[in-house]
Amino acid sequence: MHTRSTREIRIGNIRIGGSNPIAVQSMAATRTQDVAATIRQVELLELAGADVIRIAVDNPKDVVALAEIRAARPNANLVIDLQENYRLAEKVAPFVQKLRYNPGHLYHIERDKPVKEKVRYLVEIARSYNCAMRIGVNAGSVDPEKLSQYSKEDSISPMLDSALEHCAMLDDLGFDQYCVSLKDSDPNKVIDANLRFAEARPDVPLHLGVTEAGMPPDGVIKTRIAFEQLITRGIGDTIRVSLTLPFENKGDEVTVGRQILDDIEHGRFRSVPRFEQKGMNIISCPSCSRVENEAFIDLAHKVKEMTEYAKDHAITIAVMGCRVNGPGETDDADLGMWCAPSFVNLKRGPESIGSFTYDEILGRLRQELDKLIEEKASVTSA
Ligand code: SF4
């Protein structure tokens with residue numbers, strides 16, 4: 001195994017980067033405003049041994065909830081996931097040890113304000129409250145300006161470009177307590193993006209993760225393959241395993257993460273060097289405070305069961321938990337669903353098919369799946 005050579009950053013009472021052990025983190029899947037449920041998530045993740053726990057905050061009510069969660073779990077190293085409303089940083093920073101922002105979300109509010117100014121503001125807040133930062137780039141929500149500079153086939157370059165640009169902004173501001181993540185639901189892209197980033201910026205600590213990896217065991221396999229390829233090359237300072245799990249089992253993300261790290265350390269590898277998706281590929285998000293109907297988790301499991309008959313067909317189906325990231329994150333799937341409070345939106349690639357109730361959706365998905373299989377078969381036999 002190559003040794004890691006990134007600089008060290010502090011997140012509460014742990015350090016990542018340099019020769020520190022790889023930290024394992026996870027995220028509360030409940031609505032942040034459901035204070036009791038979110039406190040329970042933090043407790044479960046702490047019990048499972050999470051080094052850092054992330055909570056999403058998107059409005060002032062979430063901030064109030066966060067204060068209560070912090071009071072109930074005073075020893076957790078908390079990181080806040082800033083969504084579109086980056087100005088909430090000043091309200092949440094007093095309660096947390098790290099701020100994560102997504103460069104692709106800085107465009108949603110105050111559109112006329114230069115991104116550099118928004119980043120300067122975030123850095124000032126992080127400095128004042130001694131918080132670390134993460135520049136979290138996600139394939140489903142890349143800065144549109146970067147996307148427009150590359151061909152549709154090249155999804156990695158815009159992510160990389162965005163991450164490097166934001167690193168340069170933080171460097172110019174003299175702030176070095178940050179790490180970077182480049183996530184995709186395809187483990188091969190996670191490998192490529194992180195290899196390229198580590199080559200360009202070997203000094204910056206990396207947070208590794210395969211986003212929307214789905215349900216165990218497939219989600220674990222995808223994640224394991226990406227981590228093996230990167231960590232053995234000395235790339236990766238903290239990890240998160242994203243799995244679609246019942247809320248009460250959320251600690252499994254941490255247990256699985258530790259197991260993968262232990263296997264890598266002891267040379268227990270899978271023989272597959274790259275992820276070879278031969279049949280049905282179901283991607284589903286790990287859920288977070290944005291989930292508007294918990295039935296989403298059940299739906300993801302039912303989709304897996306229902307599509308079992310088609311498991312040999314190379315088709316990607318995406319199941320996402322909310323209307324905020326769901327529409328963008330399902331664009332690349334053959335069939336995609338994103339869940340609203342009382343209905344589920346079904347898409348074929350980027351095109352919308354319609355909205356269906358939770359009772360109707362499986363039947364309709366099956367129709368669309370059969371149609372797709374038939375079309376693919378006729379193309380092959382033509
Ligand atoms: S798709 Fe929505 S609910 Fe799922 S993890 Fe992403 S933001 Fe959270």
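Just a few scattered comments:
- No other residue among 186, 143 is of a type in the set (Asp, Glu), without any contact (Cβ under 8 Å) to a residue 60 or more places away in the chain, over 18 Å from residue 8 (Cα atoms) and touching a strand residue (DSSP E or B) at 6+ places or on another chain (Cβ under 9 Å) apart from 143.
- When residues of segment 306-324 are limited to those that are among the aliphatic types (A, V, I, L, M) and assigned to a strand (DSSP E or B), the one farthest from the ligand (Cβ to nearest atom): 317
- Identity of the residue in segment 40-75, at pLDDT 95 or above and assigned to a loop (DSSP other than H, G, I, E, B), that ends up surrounded by the fewest Cβ atoms within 10 Å (Cβ to Cβ): 74
This table checks each residue for (1) at pLDDT 95 or above; (2) in a helix (DSSP H, G or I); (3) not acidic (Asp, Glu).
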{"residue": "193", "(1), (2), (3)": "yes, yes, yes"}
{"residue": "199", "(1), (2), (3)": "yes, yes, no"}
{"residue": "215", "(1), (2), (3)": "no, no, yes"}
{"residue": "222", "(1), (2), (3)": "no, yes, yes"}
{"residue": "263", "(1), (2), (3)": "no, yes, no"}
{"residue": "267", "(1), (2), (3)": "no, no, yes"}
{"residue": "270", "(1), (2), (3)": "no, no, yes"}
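- Options 165, 253; residue that is farther than 21 Å from residue 4 by Cβ, within 16 Å of the ligand (Cβ to nearest atom) and of a type in the set (D, E, K, R): 253
- Restricted to segment 87-105, and to residues there that are under 18 Å from the mean Cα position of the chain (by Cα) and part of a helix (DSSP H, G or I), the residue that is surrounded by the most Cβ atoms within 10 Å (Cβ to Cβ) is 103.
- Test: residue in segment 14-25 that is closer than 15 Å to residue 70 by Cα and either crowded, with 18+ Cβ neighbours inside 10 Å or of a type in the set (Val, Ile, Thr) (or both): no
- Residues satisfying the stated conditions in segment 289-303, i.e. more than 11 Å from the ligand (Cβ to nearest atom) and either under 17 Å from the mean Cα position of the chain (by Cα) or more than 20 Å from residue 35 (Cα to Cα) (or both): 298, 299, 301, 302, 303
This table checks each residue for (1) touching a Phe, Trp or Tyr at 6+ places or on another chain (Cβ under 7 Å); (2) within 19 Å of residue 203 (Cβ to Cβ); (3) among the polar types (S, T, N, Q); (4) assigned by TED's automatic domain parsing to the domain that holds residue 72.
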| position | (1), (2), (3), (4) |
| --- | --- |
| 4 | no, yes, no, no |
| 17 | no, yes, no, yes |
| 22 | no, yes, no, yes |
| 27 | no, no, no, yes |
| 39 | no, no, no, yes |
| 47 | no, no, no, yes |
| 50 | no, no, no, yes |
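- Only a single criterion out of (1) more than 16 Å from the ligand (Cβ to nearest atom); (2) hydroxyl-bearing (Ser, Thr, Tyr); (3) not in a loop (DSSP other than H, G, I, E, B) is not satisfied by residue 181, namely (1).
Each row is one residue, and each column tells you yes or no for (1) part of a strand (DSSP E or B); (2) touching a Lys or Arg at 6+ places or on another chain (Cβ under 8 Å).
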position: 6; (1), (2): no, no
position: 15; (1), (2): yes, no
position: 20; (1), (2): no, no
position: 29; (1), (2): no, yes
position: 33; (1), (2): no, yes
position: 38; (1), (2): no, yes
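The values are calculated or read from the model by the stated rules, or taken from the named source; none is laboratory data. All values reported here derive from a predicted model rather than from experimental measurement. Methodologically, a virtual Cβ is constructed for each residue, glycine included, from the backbone with ideal geometry; neighbour enumeration extends over all protein chains shown.
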